[in-house]
Amino acid sequence: MTRPAERNSSSRRAKLSRARQSRRPSRLGTAAGVAAEPDYLLSTDAGFPGLLKRVWRAATAAEDLPAAVDMLLTLGGHVPADVQLRALGSADEIALWALSGVSWRADWAAGADGAEGADRAGGGAAVFVGELGLCTNGRVAVRVPSRGPLATEVDLVDGVLHVPWTAQALADYQAAVVRAATRRAGAIADCRAWLAAAGPGGRADLLEQLKDAAQRTAPFVLYQDRKQYTNFRDRNTITGKTLWPGHPDCALSGLQALPLELWSDNDAELVVCLALLVRSAGYARIEEANGTQLTLDHVAYLLERTRQAYSGVPGEPRIPPAASTGVAGLNDLAERLRARRPGLGRTVQLYREIHGALMHKVERVAGPPGPGAERREADLCARLRERLPVSGRTLHELGASVAAAPGWLARPHGGFGTGLESLVHATVVAANAVFEADFAMSRGMRSLPRLVRALRAQDWSQIAQWDLPEYFCCVVPAEPARRYFGDSVEQLADIAWAISARMQYNSWHFIAGNLPKVADVVARDYFVPPTIPDLAYHSDQHHHGHVAARVRWSIRSPQPVTVLDRTFTGFIDLRLLRCEGPRFDEQDLLAARRGSAFIAGATSAAAALVAAGTDIEITSFDPDWHWATIAAPESPTLPATPAVGS
């Protein structure tokens, strides 16, 4: 294999020429944007569309209605059923309960709420023939007596299942609809009263906060019945990636000049529910409602689930439940949860589960580290002691040894220009082997000296203006992972670089969230930096890069780094990916968290050296490096650990 041609000149003309060249490892030295077609084409059914087609085929082949409903609600085992149940609009929710007895509400599922022992097994003559369908956004749709055929109202994956309604099911449905309408009217009146009590100034401040939350938060899709609120692309209705702040199409911006009396019921409840979520944990809590209905009932469910999790932490006092499911009671509970949350992080590990098929997140409280986490950590430590001048039996002790004598981080080590680069690479390589991953990676900033100078000058605008090349990400694939990419090391190198470039973007996207909100920072696109790790399941569904890289299971472990006297949240990350095989679990996450803390501690130590006058620049981990270490046959750094599932 021959390596792509490279130019090695520091002249301005050469740099401009290089800037016009492709950064894809397999195309280094060639002009960018001249390929006749993409090198790697994805099937039109790749990711989510293909999943939905498979799920629908399985549902239509199911032996009975309960089996078909379970297939649709779980998307063939890809998401928890309760997420899909909480995505149903009021009429669809009641209809599915009347037909099958399934509900996310504990009292309904137990047969309460007026269900007089109804026979839902299909007995009795049909008095109405409804429909069950799967929408192209993944939601389940139910045709109810007051509506026409589903095909006229929603975008379906394919056809429909015809579902007969008995007289009993119809009576249960009708009675529950009346109760739901009464409950809904009370909730709307409560929301309007709370908003009225806030006054015009309070509502204006609230709308500004929620617009900022929508702009600084990862993509979400929320529903009120069949009305969709989203900050991302398709049918965008809230400030985000498509609508700029103040855009007239933004539902929140459109309320700012309107008297409360002219707000729609949907918008009034939207604002109140978003406010409750933000008050309970900041902007990130919105993502825990992703893909579900945003009503007081659903917010009450989410906050109560969180209260139970927090109250179950050993040694922590119990948090009392909400005094009521009204706005005032939920607001009090939200504030108690927010007050308790920081202290929990000092005794237990909070993390999020991400269900990639519906981009839904659930906050969890991890249990204590067990044998699995301890074994992973011991293996990591052994590998790091072999490659780095560190000592200790735990990652904390290894980190302490780096902090005690950090000078080597600034000197060449292990074939790298600096010890910091060597440490990052050694940790990523070790993590790849220890966690039996297909890819491992860590990201950060290339020039700590430049950051230190900008911080001392308080030049926030300069930091905000830095572009992607100011950041790096070291991506190391396991050699067997190439079997997922046509058994081609060239494609494996290209995939690794694509991942690296995306992680550089993440560093760029988070850095501004740590800066004072001067005009240039506020005007810049950024997300609130992540503070807790996550486990992602079935991520190879929506994100184009995840589909291309076949990112099915992943661990993300962001960590803060201290530079001078400022803490940069989410500054570094240790991320692990598997394309197939068993998913990562909580014990894996706890061990990975200690690994990312080791890198973060070393980066903070390096920043302290820079603050004292030492120069540390990260020059590795660019396209050339990824080509040389992955595609070049003489590469000594590619781990040969068999991938899980091989």
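Residue by residue, here is whether (1) modelled with pLDDT of 95 or more; (2) buried (at least 22 other Cβ atoms within 10 Å of the Cβ); (3) in contact with an Asp or Glu (Cβ under 9 Å, 6 or more places away or on another chain) holds:
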| site | (1), (2), (3) |
| --- | --- |
| Thr567 | yes, no, no |
| Asp573 | yes, yes, no |
| Leu576 | yes, yes, yes |
| Arg593 | yes, yes, no |
| Ala597 | yes, no, no |
| Ala606 | yes, yes, no |
| Ala611 | yes, no, no |
| Phe621 | yes, yes, yes |
**Study point:** Out of Asp297, Asp332, sole residue that is without any contact (Cβ under 8 Å) to a residue 40 or more places away in the chain and either in contact with a strand residue (DSSP E or B) (Cβ under 8 Å, 6 or more places away or on another chain) or open to solvent by 30 Å² or more (accessible area, probe 1.4 Å) (or both)
**Key:** Asp332
Point to revise | Residue list for region 335-366, restricted to those being small (Gly, Ala, Ser) and more than 18 Å from Ala536 (Cα to Cα) | key: Ala339, Gly343, Gly345
Review point. Of the residues Asp155, Asp172, Asp205, which is touching a helix residue (DSSP H, G or I) at 6+ places or on another chain (Cβ under 7 Å) and acidic (Asp, Glu)?
Key: Asp172
Check your understanding: If you go through region 42-60, how many residues are modelled with pLDDT of 80 or more and open to solvent by less than 60 Å² (accessible area, probe 1.4 Å)?
Key -> 9
Check your understanding: For Asp267, are the conditions met, namely being open to solvent by 40 Å² or more (accessible area, probe 1.4 Å) and either over 30 Å from Tyr351 (Cα atoms) or under 27 Å from the mean Cα position of the chain (by Cα) (or both)?
Key -> no
Check your understanding: Hey, among Glu377, Glu397, which residue is of a type in the set (Asp, Glu), surrounded by fewer than 15 Cβ atoms within 10 Å (Cβ to Cβ) and out of contact with any strand residue (DSSP E or B) (no Cβ under 9 Å at 6 or more places or on another chain)?
Key -> Glu397
Exercise for review: Please work out if Leu210 is open to solvent by less than 70 Å² (accessible area, probe 1.4 Å), farther than 23 Å from Phe510 by Cα and touching a helix residue (DSSP H, G or I) at 6+ places or on another chain (Cβ under 7 Å).
Suggested key: no
Check your understanding: Considering region 164-180 alone, what residues qualify as being under 27 Å from Val327 (Cα atoms) and either of a type in the set (Asp, Glu) or open to solvent by less than 60 Å² (accessible area, probe 1.4 Å) (or both)?
Key -> Ala175, Ala176, Val177, Ala180
Point to revise | Residues located in region 543-562, provided they are of a type in the set (S, T, N, Q) and open to solvent by less than 30 Å² (accessible area, probe 1.4 Å) | key: Ser554, Ser557, Gln559
Point to revise | Criterion (under 16 Å from the mean Cα position of the chain (by Cα) and free of Cβ contacts under 8 Å to residues at least 60 places away in the same chain) met by exactly one of Arg575, Arg556 | key: Arg556
Revision key, fill the gap. Scanning region 449-476 for residues that are of a type in the set (A, V, I, L, M) and more than 28 Å from the chain's Cα centre (by Cα), the one nearest to Gly581 (Cα to Cα) turns out to be Val452
Review point. Which residue, of Asp540, Asp487, Asp494, Asp525, is crowded, with 18+ Cβ neighbours inside 10 Å, of a type in the set (Asp, Glu), out of contact with any Asp or Glu (no Cβ under 6 Å at 6 or more places or on another chain) and in a loop (DSSP other than H, G, I, E, B)?
Key: Asp540
Point to revise | Qualifying residues in region 270-292 (those that are open to solvent by less than 10 Å² (accessible area, probe 1.4 Å) and in contact with a Lys or Arg (Cβ under 7 Å, 6 or more places away or on another chain)) - the one nearest to Ile319 (Cα to Cα) | key: Ser280
Check your understanding: Does Gly159 meet the test of being of a type in the set (Gly, Ala, Ser), surrounded by 16 or more Cβ atoms within 10 Å (Cβ to Cβ) and in contact (Cβ under 8 Å) with a residue 24 or more places away in the chain?
Key -> no
Check your understanding: Restricting the first residue to region 261-285 and requiring it to be closer than 19 Å to Arg184 by Cβ and of a type in the set (Phe, Trp, Tyr), which pairs with a second residue that is assigned to a helix (DSSP H, G or I) and open to solvent by 10 Å² or more (accessible area, probe 1.4 Å) meet a Cβ separation below 9 Å and a spacing of at least six or different chains?
Key -> Trp263/Arg192
Practice item. Evaluate the following for Tyr223: is it open to solvent by less than 50 Å² (accessible area, probe 1.4 Å), touching a strand residue (DSSP E or B) at 6+ places or on another chain (Cβ under 8 Å), under 17 Å from Arg86 (Cα atoms) and not in a loop (DSSP other than H, G, I, E, B)? Key: yes
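The values are calculated or read from the model by the stated rules, or taken from the named source; none is laboratory data. Quantities reported herein were computed from a predicted structural model and do not represent experimental measurements. Here Cβ is always computed from backbone atoms with ideal geometry, including for glycine, and neighbour counts include all displayed protein chains. Remember, those area values only see protein heavy atoms, side chains included, never the ligands or the DNA or RNA. Shrake-Rupley method; radii C 1.70, N 1.55, O 1.52, S 1.80 Å.
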